[in-house]
Each structure stands twice: as structure tokens, then as C-alpha cells.
Amino acid sequence: RVCAPSRWVGGDGVDSEGMSIAKGRITQERKRWRKDHPPGFFARPETKEDGSTNMFRWKCHIPGRKDTIWEGGYYPISIDFPEEYPQRPPKCKFSEGFYHPNVYPSGTVCLSILNEDEGWVPSITVKQILMGIQDLLTDPNPNSPAQTDAYLDYTKNRDKYELRVKKQVEKFPPKF
């Protein structure tokens, strides 16, 4: 089965009540994250050019898990929350061309908990999403491919796959 992108739509004129529900939940997520987040992870709302905060778009970094081929990388990813959040899942994106079997060439992550037709439930937190993506980096799902090259390398030529991942790790060194 091939992963189908979730039906994420933003900015389609959701009424102000729906928008305030989303903003309230995102604000709650921000408070929860500040109190309790995994070591090495980073997540916060984007700061716009005018200095204001865009609560619906977060800039995040996920550390590569220790003792894996992903160790040493600090991977930037964005989270875009739809106006219908939390009833609809956010969209998570690495940079375009990110090499992984479950990441589309556009950078969009293919993960069941981010797909409203599969595993999304409104109670899923930002912490669970980012930790789930870290798990996915280490343990790709070959039953849900999103990128041909990485999928074929992972399933048919593991040495080539691991070499390409190690090269990618070098592109994303920790910034601290």
C-alpha cells in the first residue's frame, strides 16, 4: 500500500469559532511543550518578518537517535497546523529532497498518525508527533513508501541506503 497524503487544507474560510478552537489548542500545545519536551528536540511558533508570531506554523528540529545511522544529525522540520486543528492533523515537512523512504520528494512526512484517514486522533500532541517522526527516521515503514529511491535502497540495497543517510547526517549538524 502506498501512503496517500492527508487531505490537509488551510485557509479555506473556517468560521472564527473554528479558528479560535485551533489557536487555543495550539497555544496549549506550546505551553505543554515548554514545560515538557524531550532532550535535544526544538519546537516553537515561527516569528514573522514583522516580529509577530505565527502560531499556525512551527519551526522544529529533531535529533537523530543515538546509536543509529541518524545520530549526529539535527533535522529541521516545519509543522503547519490547519485552521481545523485538532480535528484535522498538521502537515510536517522536512526540506525538499530529504532522503527517507517515508518522506515525499517535497519533504512532506508520510506517517499514519498524521493521516486523518488512518491514525490521526485529536488528542495527539506535538511531542508525540515529533517523537513519532524520530522513530520513523530510525525505523522506516516499507509498506508505506513515499519516495522511490530511498524506498528501493532501503528494501534492496541496505548498504547504499545507510551510506546516503550518513551523507545526509553531515548536511544537518547540530546548531548549538
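Values in this text are rule-based calculations from the coordinates and carry no lab data. All of these numbers come straight from a predicted model, not from anything done at the bench. FYI the Cβ positions are ideal-geometry reconstructions off the backbone, even for glycines, and counts take in every protein chain you see.
Under a point spin-label approximation (7 Å from Cα along Cα-to-Cβ), what is the Thr148-Ser112 distance to one decimal in nm?
2.7
If you stretched the chain out fully between Gln87 and Lys59, how much longer would it get, using 0.36 nm times the residue separation minus the C-alpha to C-alpha distance? Write down the numbers at each step before the final one.
Numbers: separation 28, 0.36 × 28 = 10.08 nm, distance 2.13 nm.
Gain on extension, Gln87 to Lys59, equals 8.0 nm.
Would you kindly state how much longer the chain becomes between Glu71 and Ser20 on full extension, computed as 0.36 nm times their sequence separation minus their alpha carbon distance, in nm to one decimal?
Contour length minus Cα-Cα distance gives 14.5 nm.
What number comes out for the charge environment of Gln128, summing +1 per Lys or Arg and -1 per Asp or Glu over other residues with Cβ under 13 Å away? It would help to have the intermediate numbers written out before the result.
Working: positive: Arg32, Lys127; negative: Glu29, Asp36, Asp135.
Taking every Cβ under 13 Å from that of Gln128, the sum is -1.
Determine, for each peptide in 140-151, 26-37, 80-91, the mean count of other beta carbons within 10 angstrom over its residues, then list the peptides with the highest first. Spell out each step's value before the answer.
Numbers: 140-151: 17.3, 26-37: 13.8, 80-91: 20.9.
Most protected by this proxy first, the peptides run 80-91, 140-151, 26-37.
Give me the log10 of I(q) over I(0) for the stretch 81-176 at q = 0.24 Å⁻¹, as the Debye formula computes it from C-alpha points; what are the numbers?
-1.29
Over the chain, one equal point on each Cα, no solvent: what is log10 I(q)/I(0) by the Debye formula at q = 0.11, 0.14, 0.15, 0.19 Å⁻¹?
-0.47, -0.76, -0.86, -1.31
Along the charge dipole of the stretch 16-171, Cβ charges K/R +1 and D/E -1, which of Ser52, Pro140, Ser112 sits furthest on the positive end?
Highest projection toward the positive end goes to Ser52.
Taking a spot 7 Å from the Cα of Arg158 along the direction of its beta carbon, which residues of the stretch 68-93 have an amide N less than 15 Å from it?
Flagged as within label range: 68-70.
Once you charge only the Cβ atoms, +1 for Lys and Arg and -1 for Asp and Glu, what is the size of the charge dipole of the chain about its Cα centre, to the nearest 20 debye? Please report the intermediate quantities before stating the final value.
Working: 27 positive and 24 negative charges, 119 e Å.
For this selection, approximately 560 debye.
Cross-chain or 8 or more residues apart, Cα under 13 Å: how many lysine pairs in the stretch 16-171 fit that? Count them up, please.
Numbers: Lys23/Lys31; Lys31/Lys127; Lys35/Lys127; Lys48/Lys59; Lys59/Lys91; Lys59/Lys93.
Counting lysine pairs in the stretch 16-171 gives 6.
Principal axis extents for the stretch 72-119, Cα atoms only, whole Å, descending order, please.
33, 20, 18
Using a cut-off of 10 Å between beta-carbons, work out the net charge of the residues near Lys59 (Lys and Arg +1, Asp and Glu -1, Lys59 not included). Numbers along the way, then the final one.
Working: positive: Arg44, Arg57; negative: Glu46.
That works out to +1.
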